[in-house]
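Heads up: the structure comes next, in structure tokens.
The values are calculated or read from the model by the stated rules, or taken from the named source; none is laboratory data. Here the structure is a predicted model, which is why all the values come from computation and not from measurement. In this analysis, Cβ positions are derived from the backbone assuming ideal geometry, glycine residues included, and neighbour counts consider all displayed protein chains. All accessible areas refer to the heavy atoms of the entire protein, side chains included, with ligands and DNA or RNA removed. Shrake-Rupley method; radii C 1.70, N 1.55, O 1.52, S 1.80 Å.
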Amino acid sequence: MGDSAINSNGRGSFQMGRRSLGLFRYVSQCRKPVHANIFSGYQNPPMHGDYEAQRHWMEITTQLPISQWYFHDLEWWGLDYPPLTAYHSWVLGKVGELIDPSWFALHTSRGLDDPALKIFMRATVIVSEYLVYIPAAVIFVRRLSKLQGINSWNASIALTAILLQPGTILIDHVHFQYNTVMLGLVLASMSSILAGRFMWSCVFFVLALGFKQMALYYAPAMFAYLLGVCLFPRINIPRFLGIAVVTLASFVILLLPMLLGGLYDSYRGIDARPELDGYFAPLPIFTQYSFMINYKAWYYPLIQQMAQITHRVFPFARGLFEDKVANFWCALNVVIKLRQYPQELLQRASLLATLAAISPACLIIFAKPKKEVLPLALSTTAWAFFLFSFQVHEKSVLLPLMPMTALLAGNHGLSKNTRAWVGFANLLGVWTMFPLLSRVDLRIPYFVLSLLWAFLLGLPPTSFAVYNQEGNPTWAGFATTSIHTIFYLLMGAWQAAEFFLSPPQGKPDLWVVINAGIGAVGFGICYLWCLWSLVVESGLVEVSKSEKRKAKSQ
């Protein structure tokens with residue numbers, strides 16, 4: 001499409017807006033579904049992949065007492081997300097039961113490959129996204145563009161880019177992750193902050209945490225910002241107390257069905273762990289202190305439920321990482337075999353590295369709580385968690401990519417520099433997920449959606465105009481062009497090698513390891529760019545007037 005189509009007004013903007021809306025209508029059809037027959041775990045016994053996990057959670061939440069949800073047959077896709085995911089599964093399961101009760105019959109429905117069920121499962125992802133993520137994105141872009149004086153066409157382009165992120169579509173609509181529900185709630189929280197509604201922001205963010213624990217990637221920056229607005233430019237005690245009370249109340253309301261359900265089931269004589277035949281078992285956390293609690297006391301079901309939920313949601317026993325993922329630890333493992341070190345040491349190293357990486361962004365957003373820079377702060381801390389935290393999954397890259405892509409809706413969001421970096425991060429992100437996507441035969445949707453998104457924003461490989469430096473070239477522009485070109489060449493070479501060449505004998509994971517290594521370095525650079533942009537936009541570093549004029553002109 002080229003860079004000339006993207007400007008602040010005029011015919012070029014009209015053409016860009018018209019094309020972007022046309023692309024939106026077209027690619028939206030890819031959500032229904034991305035691929036007609038394939039999904040995660042399709043005809044792949046014994047566990048049948050993430051599709052079966054989501055179906056199974058609908059099964060256990062509709063067929064079992066609430067006290068047993070987090071205890072039932074943990075070897076077969078045991079529930080390991082926070083309670084709001086369980087409630088979501090219960091609602092979807094109840095709707096599915098009205099269509100065909102056999103879909104969620106206890107035990108006998110495992111691995112079910114009913115075409116009608118497949119349509120229903122895909123519909124649940126689409127409906128969930130259209131009810132939460134898309135409205136939240138529309139409202140966020142509208143508020144941010146109005147706040148910063150962005151014209152409607154550029155706002156429409158930014159919204160289209162946010163909604164059509166290839167990684168989000170491919171993961172949610174094939175792997176049945178419902179990430180867009182959590183991401184939509186975070187967008188709603190950010191949007192509430194833009195509107196000055198801090199209490200509602202807390203409610204939405206608690207709901208995001210209650211749906212997927214990965215929302216913790218954003219939590220340090222959100223906490224730092226909300227604390228900052230309570231202290232600067234002057235101390236606001238009523239605001240602080242309001243935020244604290246609303247946050248606490250939101251968590252209590254979120255957990256209340258699980259706790260009251262556990263008490264009620266205990267009163268009815270229903271045991272959360274019927275396989276124990278009434279015998280006592282130590283709690284999964286703080287096991288050494290379990291003997292101090294009377295398991296026949298009225299309050300024991302409350303402690304039991306909270307301990308089990310915490311244990312399932314935070315699986316520290318799984319190790320530093322499982323699969324090949326493009327973060328620091330997996331890349332380091334190629335050089336130093338980390339599994340030879342004690343688990344406790346690796347946990348401490350991960351904690352310290354993550355804290356060190358998130359601290360600069362948190363300190364900046366705390367001392368300079370400007371709502372315009374919140375997307376930068378969230379993307380910086382999310383990159384830090386993705387690179388250095390414990391048990392990172394490939395799909396977790398969607399978390400830093402969402403607020404980073406939201407930058408397109410802000411001031412100079414469609415400038416060459418911002419588009420280049422946001423586009424680079426997204427294309428690199430979906431590229432690192434290619435080994436995961438190729439397992440379920442998603443090569444063609446991967447290429448189509450990635451190229452369409454690149455075409456929308458005038459990015460490589462469809463156009464290189466975003467790297468043209470008109471007028472006075474800068475060292476920063478030269479560095480950006482050089483870094484991105486090197487990575488795009490590496491990505492292209494890897495793609496060709498993976499397609500045409502078999503890995504050497506004895507090294508079947510060679511291409512996956514190389515993919516993770518390149519991705520880890522690229523994501524580290526994205527983290528540094530977000531952090532530096534946060535420093536500049538917060539006003540901690542002065543930018544020359546000529547550079548500001550150049551940014552506006554682009």
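Counting other C-beta atoms within 10 Å, and keeping those with at most 14, which DSSP coil trypsin sites (Lys or Arg not before Pro) do you find in region 394-457?
Answer by residue number: R439.
In cubic angstrom, how much convex hull volume per residue do the alpha carbon atoms of region 428-554 span?
It comes to 128 Å³ per residue, whole-number rounded.
Which of the peptides 387-393, 94-100 is most tightly packed, and how do the rest follow, judged by the mean count of other Cβ atoms within 10 Å per residue?
387-393, 94-100
Which whole-number value in Å³ per residue fits the convex hull of the alpha carbons of region 112-244?
Convex hull volume per residue, Cα atoms: 115 Å³.
Going by accessible area, probe 1.4 Å, with all protein chains left in place, what is the ranking of V397, V138, largest first?
Working: V397 0, V138 45 Å².
From most accessible down to least: V138, V397.
On C-alpha positions alone, give me the angle between the axis of helix 300-313 and the longest principal axis of the chain, in degrees, nearest 10.
Between the helix axis and the principal axis of the chain, the angle is about 40 degrees.
Sorted by mean Cβ packing within 10 Å, highest first, what order do the peptides 66-78, 483-495 take?
Those peptides, ordered most packed to least, come out 66-78, 483-495.
Hey, got a sec? Which trypsin sites (Lys or Arg not before Pro) in region 311-346 land in a DSSP loop and have at most 12 other Cβ atoms within 10 Å?
Answer in residue order: K337.
For region 432-487 and region 105-164, compute the distance between their C-alpha centroids and round to whole Å.
Using only Cα atoms, the two centres lie 24 Å from each other.
Compute the signed sum of charges (Lys and Arg +1, Asp and Glu -1) over the other residues within less than 13 Å, Cβ to Cβ, of F71.
Net charge around F71: -4.
Contour minus end-to-end for R339 and S152, with contour as 0.36 nm per residue of separation and end-to-end as the Cα-Cα distance?
62.1 nm
For region 61-179, what is the convex hull volume of its Cα atoms per residue in Å³?
Per residue, the Cα convex hull of region 61-179 comes to 130 Å³.
With the convex hull built on the Cα atoms of region 426-503, state its orientation-averaged projected area in nm². Can you show the working numbers first?
Numbers: hull surface 23.4 nm².
For region 426-503, the mean projected area of the Cα convex hull comes to 5.9 nm².
Given the peptides 464-474, 172-182, arrange them by the average over their residues of other C-beta atoms within 10 Å, most packed first.
Packing proxy ranking, top to bottom: 172-182, 464-474.
Rounded to whole Å and sorted largest first, what semi-axes of the equivalent ellipsoid does the C-alpha gyration tensor of region 240-310 yield via the square root of 5 times each eigenvalue?
Working through the eigenvalues yields semi-axes of 27, 15, 9 Å.
Determine which residues of region 458-489 fall in the zone a paramagnetic label at V536 would reach in this model, i.e. backbone nitrogen under 18 Å from the point 7 Å along Cα→Cβ.
Residues 466-485 qualify, since their backbone N sits under 18 Å from the label point.
Over region 329-428, with a single point scatterer placed on each C-alpha, what log10 of the ratio I(q)/I(0) does the Debye formula yield at q = 0.19 1/Å?
-0.98
Once the piece of chain linking F232 and F251 is laid out straight, how much longer is it, given 0.36 nm per residue of separation minus the C-alpha distance between them?
4.2 nm
From the cross-link list K146/K370; K94/K324; K146/K395; K94/K212, which pairs have alpha carbons spaced over 27 Å apart?
Values: K146/K370 16 Å; K94/K324 36 Å; K146/K395 32 Å; K94/K212 21 Å.
K94/K324; K146/K395, as the Cα separations exceed 27 Å there.
E75 versus N294, label points 7 Å from Cα toward the beta carbon: distance in nm?
If labels sit at E75 and N294, their model points lie 3.6 nm apart.
Taking each pair of distinct Cα atoms in the chain once, what is the resulting Kirkwood hydrodynamic radius in Å?
When all Cα pairs of the chain are included, the Kirkwood radius is 24.8 Å.
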